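Undergrad: Let me begin by handing over the structure; questions about it come next.
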Amino acid sequence: MALLLRFVLLCGVADFTRSLSITTPEQMIEKARGETAYLPCKFTLSPEDQGPLDIEWLISPADNQVVDQVIILYSGDKMYDDYYPDLKGRVHFTSNDLKSGDASINVTNLQLSDIGTYQCKVKKAPGVANKKFQLVVLVKPSGTRCYVDGSEEIGNDFKLKCEPKEGSLPLQYEWQKLSDSQKLPTSWLSEMTSSVISVKNASSEYSGTYSCTVKNRVGSDQCLLRLNVVPPSNKAGLIAGAIIGILLALVLIGLIIFCCHKKRREEKYEKEVHHDIREDVPPPKSRTSTARSYIGSNHSSLGSMSPSNMEGYSKTQYNQVPSEDFERTPQSPTLPPAKFKHPYKTDGITVV
């Protein structure tokens, strides 16, 4: 009797656990950055599930620094998607009728910060179910650059390099020769799937156009390289030319310095000569003092003259004005020689 009762209880529990179930299996989803990730979550209900339908999606970030956080919620026939700032506006339910059994979501414009574990929870009392999904966001190879590291001369050793600017690991490389003879040297075959090809003792046969393709699980990128192996250059001539160029530059700099120094000396000499001349010149006299001295000298000359001499002096030009050049000394007017008569006596008076 006890065994029968236990069997009935186990069957009831089994029926209860099978009342609500999520049919989508757990899985890992890989997508490229910038793309849209589809996270499936389809469920089935049983007649016993009579409570309100609640659907909840949570995220556990890859850095594990925070606990599970709700990113979107459906409850009471309403949808809420403003719980998680990093995904706000980028997460949506794919179905307009969630009661039909589809709780799947889309995450748009994927970013590296979206990497983590996503959990879908469906509840319709008494049934409850949940499933987890791993979302991995990868970066496609891009900005790939092909170049030669070394001198492309016959007999030299150099490297062909293929470097993408970004791309999630692991990366796969594939080199191909596109022009001329497509036959590759035997020594290169082991490196045709690596990012670097080491070239030893290069020959002109290696010249041509090469392509490098970089791949990962979400995309690929390609670059082209033109290899031109030429005869060795005359290094001695290049060195001699460089030395001559340097010497000429030094000579030119020396001439410029000499000319500047010479010009400064000439300017300094001119200033010194001008200064010496200025010191030898007497200070100028004022126009007023010159005129007064000129008039005074004339008065004194007139006072010493006799009436008989006035006739000769009146003929002299007296309207001359002293020059405004203060450095010239004014000259007195030239007077004619005076005419003197012998004195004689008349009536006891001496007449001159």
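Undergrad: Looking at (1) open to solvent by less than 40 Å² (accessible area, probe 1.4 Å); (2) polar (S, T, N, Q); (3) more than 33 Å from the chain's Cα centre (by Cα), which is the one condition that is false for Asn156?
TA: (1)
Undergrad: Determine which single condition Gly167 fails, assuming it passes every other condition in (1) of a type outside the set (D, E, K, R); (2) surrounded by 14 or more Cβ atoms within 10 Å (Cβ to Cβ); (3) at pLDDT below 95.
TA: Result: Gly167 passes all but (3).
Undergrad: Do you know which of the residues in the stretch 36-82 that are out of contact with any His (no Cβ under 9 Å at 6 or more places or on another chain) and β-branched (Val, Ile, Thr) is modelled with the lowest pLDDT?
TA: Val66
Undergrad: Looking at Ser207, is it surrounded by fewer than 16 Cβ atoms within 10 Å (Cβ to Cβ), of a type outside the set (A, V, I, L, M) and over 14 Å from Thr144 (Cβ atoms)?
TA: no
Undergrad: So Gly143 clears everything in (1) open to solvent by 30 Å² or more (accessible area, probe 1.4 Å); (2) over 31 Å from the mean Cα position of the chain (by Cα) except one condition, right? Which one?
TA: Of everything listed in (1) open to solvent by 30 Å² or more (accessible area, probe 1.4 Å); (2) over 31 Å from the mean Cα position of the chain (by Cα), Gly143 misses just condition (2).
Undergrad: Is there a residue being modelled with pLDDT under 90 and open to solvent by less than 90 Å² (accessible area, probe 1.4 Å) anywhere in the stretch 222-229?
TA: no
Undergrad: Restricting to the stretch 239-259, what's the tally of residues that are open to solvent by 100 Å² or more (accessible area, probe 1.4 Å) and modelled with pLDDT under 75?
TA: Number satisfying all stated conditions: 1.
Undergrad: Right, another one. Read through the list (1) open to solvent by 90 Å² or more (accessible area, probe 1.4 Å); (2) in a loop (DSSP other than H, G, I, E, B); (3) under 30 Å from Leu138 (Cβ atoms), then give the number of the only condition that Lys183 fails.
TA: (3)
Undergrad: Now for a separate question. Would you mind stating whether Lys262 is open to solvent by 100 Å² or more (accessible area, probe 1.4 Å) and modelled with pLDDT of 80 or more?
TA: Taking the combined requirement at face value, the residue satisfies it.
Undergrad: Out of (1) open to solvent by 80 Å² or more (accessible area, probe 1.4 Å); (2) at pLDDT 95 or above, the odd one out for Leu9 is which?
TA: For Leu9, the exception is condition (2).
The values are calculated or read from the model by the stated rules, or taken from the named source; none is laboratory data. Model, not experiment: these values are computed from the prediction. Backbone-built Cβ (ideal geometry, glycine too); neighbour counts: all protein chains shown. Side chains are part of the model used for accessible areas, which takes the heavy atoms of the whole protein and leaves out ligands, DNA and RNA. Shrake-Rupley method; radii C 1.70, N 1.55, O 1.52, S 1.80 Å.
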